[in-house]
Amino acid sequence: MAGLTPKQQLFVAHYCDTWNGTEAASRAGYKGTRASLTAMASLMLTNINIAAAIKQHIDQIMPAGEVLQRLADHARATMDDFTDAETATLNLSKAKRAGKMHLIKKFTKTETDKSTHVGIELYDAQSALEKLGTYHGLFKQRIVHDGSIRTFTVDLSETDDSSAETE
């Protein structure tokens, strides 16, 4: 964190802990009202040295390539990784050997007097694909304008909040 004052270094450390600029400013020792701490945090987050230190910290936690790889893993996940087709049962040992356990979002186990039910839920593949598609620029919003111009007026003297459209 070269080029940062000790207080700024504290701000970065607390920001990366809380992800809340106002809280980080307070914990770093900046004084003032909540509003002034929020303004101070906003100012600090636009400082290129502070932003670079925060980015460096995030990259150390999980680099962008790893984030994309995890999303790709979620998008490619299939129940075939967790089941035994011959016995039609859940096979977590198979998944563990294949290094697929990180793909499980939720694990449930319900026991009754007569049986035990085990279930898993994988992360949403469609959501992962949407995020990857957005990253790769595959989905662009297009705005089509038909060329017409409309003016809307609101009569504030009316009490029924009615509005009229004129062309």
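The values are calculated or read from the model by the stated rules, or taken from the named source; none is laboratory data. Since the structure is predicted, the reported quantities are computational estimates derived from the model, not experimental observations. Heads up, the Cβs are rebuilt from the backbone with ideal geometry, glycines too, and the neighbour counts pull from every protein chain shown. Each accessible area value is taken on the protein alone, full model and side chains, heavy atoms only, with ligands, DNA and RNA left out. Shrake-Rupley method; radii C 1.70, N 1.55, O 1.52, S 1.80 Å.
Assess whether residue 64 counts as being open to solvent by 50 Å² or more (accessible area, probe 1.4 Å) and on the phi > 0 side of the Ramachandran plot. For residue 64, the condition - open to solvent by 50 Å² or more (accessible area, probe 1.4 Å) and on the phi > 0 side of the Ramachandran plot - is not met.
Would segment 61-73 turn up any residue that is acidic (Asp, Glu), without any contact (Cβ under 8 Å) to a residue 60 or more places away in the chain and more than 30 Å from residue 17 (Cβ to Cβ)?
no
When residue 135 is tested against (1) open to solvent by 100 Å² or more (accessible area, probe 1.4 Å); (2) among the hydroxyl-bearing types (Ser, Thr, Tyr); (3) free of Cβ contacts under 8 Å to residues at least 40 places away in the same chain, exactly one condition is not met: (3).
Of all the numbered requirements in (1) more than 30 Å from residue 134 (Cβ to Cβ); (2) open to solvent by 60 Å² or more (accessible area, probe 1.4 Å); (3) in contact (Cβ under 8 Å) with a residue 12 or more places away in the chain, residue 38 misses one, and that requirement is (1).
Hey, does segment 149-163 have a residue that's at pLDDT 85 or above and polar (S, T, N, Q)? Taking every residue of segment 149-163 in turn, none turns out to be at pLDDT 85 or above and polar (S, T, N, Q). Scanning segment 68-106 for residues that are under 25 Å from residue 130 (Cβ atoms) and either open to solvent by 60 Å² or more (accessible area, probe 1.4 Å) or among the hydroxyl-bearing types (Ser, Thr, Tyr) (or both) gives 69, 70, 76, 78, 79, 80, 100, 101, 102, 105, 106.
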